[in-house]
Amino acid sequence: APTTEHPFSAAELERYAQCPYQYFAQHILSLRQPPTYELALSSLESGTLIHRILHRFYRTILEQEGIAHEGTDLRSVQLDPSRREEYARILAAAATAELDRVRHSHPLFTLECEQLLGTAEQPGILTEWLDRELARIANGWDYRVSLLETAFGMPGLHTQPVEEPINLSPTLSVRGRIDRIEIVERGDRFHVMVADYKLRSAGATNHDIERGEAFQMPLYLAATKALFERRYGIEPVLDGGAYYIIRPKQDDLSLIAMPAEANAVAAQRAKRRSQVLGSYDEQAALLRSAIEHAEQIVWNIRGGLFPVAPRHDHICLQCPYGSVCRIRQLHDDGIITTNAD
């Protein structure tokens, strides 16, 4: 039977779920795309930069004014909407420090700095993020930021020792890095919420989890529970996950795997089945389903099953391995068909 000797990331599992052969080409054959010269930061570089800025911002505030939770090593902080200008200065300092780390000769780098920090005429992306963060708190969001860039089975953003991978079952060991974990004490229980930053759109929905296509949030929730038990001796209540969208077209907050009774925002969105679940029991069933889907993928990988089987047609449009897998020839010969979206 497969063992937990190799920890998997959510991204690896999602890659296999999209197309087993794509996973094989990237993670087993280690095929690489030829490098391209970018005039500006790539989406990945831009996302990483913003992650680092927000991490530095909250780390600074946590270190300065985080409150301790009695009987634990946990500290947490919640921003005060009346201190916006002070926070804006801390955020600008964090951005300047991180921009200095990556400053380079991209022709459009100065323009990107202006987009992040803003100008006299136009607010920056970071300022708009801060305003949304403060507005959420002013409207009654009671979770407090506690853990930042929590890594397990892989290095964190900084030089803290690498936490062991987390075994979620006898055959599933996972690794990852959680952007931020928020907590709130209700009665004698710690309620925790896992938050992930996304640049432009929400990462996934409950439907994606049910279909076995999305693993990041359910595995991070299960890992957080195990981490709190292992590190702090606390069995937390999982209140679900939230995607904080940095450059939203509309809503900057998308919930996932969150019971309607978890908080007031979830209750308001109770009819949005893609985001909110009916109960904590329903959430537990969804997380179990995700782990079972992940276990099946691990079993397939260890069994050497890598068919050319994209789950949706659009996956092939951005895939760099089309010339290797011969997807078009297989289509033309009628050997495979893919699912319509």
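Computed from the coordinates by the stated procedures, all read-outs in this text should not be read as laboratory data. Only a predicted model underlies this, so the values are computations on that prediction, with no experimental measurement involved. Ideal geometry is used to build each Cβ from the backbone, glycine not excepted, and the neighbour counts take in all protein chains shown.
Positive-end ranking of 152, 77, 135 along the dipole of the range 43-291, with charges on Cβ about the Cα centre, is headed by 152. Along its principal axes, the chain has C-alpha extents of 65, 53, 42 angstrom, given from the largest down.
Given an 8 Å cut-off on Cα distances and at least 6 residues of separation, report the relative contact order of the range 124-237 as a percent. Write down the numbers at each step before the final one.
Working: 137 pairs, mean separation 23.1, N = 114.
Dividing the mean separation by the residue count of the range 124-237 yields 20 percent.
Using only DSSP helix segments of four residues or longer, with each worth -39500 (n - 2.57), what per-residue ellipticity at 222 nm results for the chain after dividing by its residue count and rounding to 500? Write down the numbers at each step before the final one.
Values: 13 runs with 142 residues, N = 341.
Dividing the helical sum by the residues of the chain leaves -12500 deg cm²/dmol.
Think of the range 43-291 as a dipole: +1 on every Lys or Arg Cβ, -1 on every Asp or Glu Cβ, centred on the Cα centre; then among 289, 220, 49, 289 lies furthest on the positive end.
Label separation (residue 249 vs residue 28): 3.7 nm, computed from points 7 Å beyond Cα along the C-beta direction.
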